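A short worksheet on the structure shown next.
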Amino acid sequence: MPPIKKPVADMQRPNSGGQVSQAPNTMKPASFDSILTESRALLPKIVADTVRTMENELTAIRDSVRMAVVFERLSKVWERNKQLPVAAYYAAKVAKLENSEKKLTFAGQFYLQLMENENSPSVQTWEAGEAVSCLEQSLKINPNNEETKLALATGYIEGTGEPMRGVQILLAITREKPDDIPANLLLGRMSIQSGQFDKAVGRFETILKVEPENKEAMYFLAQAYEGKGDKKKAIELLEKCKKVVNDPGFSNEIDQHINSLK
């Protein structure tokens, strides 16, 4: 089933052609120094001079509270100038210095969002590693935060060389809450990727028992049935998904795929 190119509100789409990457990522991460150098070259001179002044200010500071203030200012300058990986780096510096669960989780999520839209594989790998670092520290503060666990699992699965660590986090969640929707969605998508279509069907059907009109579960369940060779069931689910989403662009894409199955 081809990925749907037109975004549909409230319907999350997978990366990489409609599937979650399960193979270990062997790409060497970029260095922050290389990212900083490239980003600095894109700044207007007056902004670059301001950044350099703040960096020089940091060299004279030994107090972590004062350092956090300067890192926060740096993050905002880089963000205003649309150099988001560098902005995320300094936001994470603040979060780690303050050891704030909220800020660590935010920084981790920020990195994951950047990772999803990153064109450079090496920068993407760096962003994934930084996300994992922030989210692991956040979980040390609050080990029971499910949202953070899910984000950490996503970082491991989609961006690092350790996807099975992410899988184990998700399986632990479903052992405690068998009908957990986000965890079952990720596990179901991974089952499709690995060709375990029966397992995928079970995951998505579990979700639809809780939320009968869950668009993602319906869409990926159709993928799973197509993988099993049950085109009739796949078409039935796609027709239903089309009605629930109610978007002309999405409907057009789905109609094209349905025609290819007939």
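The length gained on full extension between LEU42 and ILE61, counted as 0.36 nm times the residue separation minus their Cα-Cα distance, comes to 4.1 nm.
Surface calculation, 1.4 Å probe, protein heavy atoms: CYS134 sits at approximately 0 Å² accessible.
Between helix 231-245 and the chain, what is the angle of the helix's C-alpha long axis to the longest principal axis, kept within 0 to 90° and rounded to the nearest 10? Result, in degrees: 50. Computed from Cα atoms, the angle from the helix 84-98 axis to the main principal axis of the chain rounds to 70 degrees.
Carbon-plus-sulfur fraction of the accessible area of the chain, 1.4 Å probe, in percent? Walk me through the numbers before you get to the answer.
On the way: 6800 of 13550 Å².
Answer for the chain is 50 percent, counting heavy atoms of protein chains only.
Considering helices alone, the calculated mean residue ellipticity of the chain at 222 nm is -24000 deg cm²/dmol, with DSSP H runs of length four and up weighted by -39500 (n - 2.57) and normalised per residue.
Taking label points 7 Å from Cα along the Cα-to-Cβ direction, LYS177 and ASN259 give a separation of 4.2 nm.
Across the range 20-165, the mean sequence separation of Cα contacts (distance under 8 Å, 6 or more residues apart), normalised by length, yields a relative contact order of 28 percent.
Pairwise inverse Cα distances across the range 70-208, averaged and inverted, put the Kirkwood hydrodynamic radius at 15.6 Å. If you wrap the tightest convex hull around every Cα atom of the chain and split its volume per residue, you get 135 Å³.
With respect to the chain, whose longest principal axis is taken over its alpha-carbon atoms, helix 197-210 is tilted by about 80°.
Within the range 33-141, which trypsin sites (Lys or Arg not before Pro) sit in a loop by DSSP and count at most 13 neighbouring Cβ atoms inside 10 Å?
Numbers: sites: ARG40, LYS45, ARG52, ARG62, ARG66, ARG73, LYS76, ARG80, LYS82, LYS93, LYS96, LYS102, LYS103, LYS140; in loops: ARG62, LYS82.
Answer in residue order: ARG62, LYS82.
Projecting each Cα onto the charge dipole of the chain (Lys/Arg +1, Asp/Glu -1 at the beta carbon, about the Cα centre), which of CYS134, SER194, THR37 comes out farthest on the positive side? Positive-most Cα among the choices belongs to THR37. Note on LYS28 and MET164: the extension gain reaches 47.1 nm, defined as 0.36 nm multiplied by sequence separation minus the Cα-Cα distance.
Would you mind classifying the range 98-149 by shape? Square roots of the alpha carbon gyration tensor eigenvalues, ordered a ≥ b ≥ c; an a/c under 1.5 is rounded, otherwise it is prolate if a/b is larger than b/c and oblate if not. Note, shape of the range 98-149 comes out prolate.
How big is the charge dipole of the chain about its Cα centre, in debye rounded to the nearest 20, if each Lys and Arg gets +1 on its Cβ and each Asp and Glu gets -1 on its Cβ?
180
Computed with a 1.4 Å probe on the full set of protein chains, the accessible area for MET27 sits at about 80 Å².
Which whole-number value in Å³ per residue fits the convex hull of the alpha carbons of the range 155-262? Walk me through the numbers on the way to the answer.
Working: hull volume 11.2 nm³, N = 108.
It comes to 103 Å³ per residue, whole-number rounded.
Which value, in debye to the nearest 20, describes the size of the charge dipole of the range 167-214 about its Cα centre when Lys and Arg Cβ atoms bear +1, Asp and Glu Cβ atoms bear -1, and nothing else is charged?
On the way: 6 positive and 7 negative charges, 37 e Å.
Computed about the Cα centre, the dipole is about 180 debye.
Largest accessible area first, the listed residues ASP230, ASP198, ASP247 line up as ASP198, ASP230, ASP247 when surface is computed with a 1.4 Å probe on the assembled protein chains. Residue order by solvent-accessible surface for THR105, THR206 is THR206, THR105, largest first, with ligands and nucleic acids left out and a 1.4 Å probe. Dipole magnitude for the range 155-253: about 220 debye, using +1 per Lys or Arg Cβ and -1 per Asp or Glu Cβ, origin at the Cα centre. The mean accessible area for residues of the chain, using a 1.4 Å probe and ignoring ligands and nucleic acids, is 52 Å² per residue.
In percent, what relative contact order does the chain have, based on Cα pairs under 8 Å that are 6 or more apart in sequence?
Reported relative contact order: 18 percent.
The values are calculated or read from the model by the stated rules, or taken from the named source; none is laboratory data. What you see is a predicted model, and the numbers here were worked out from it, not measured in a lab. Methodologically, a virtual Cβ is constructed for each residue, glycine included, from the backbone with ideal geometry; neighbour enumeration extends over all protein chains shown. Only protein heavy atoms, including side chains, enter the accessible area calculation; ligands, DNA and RNA are left aside. Shrake-Rupley method; radii C 1.70, N 1.55, O 1.52, S 1.80 Å.
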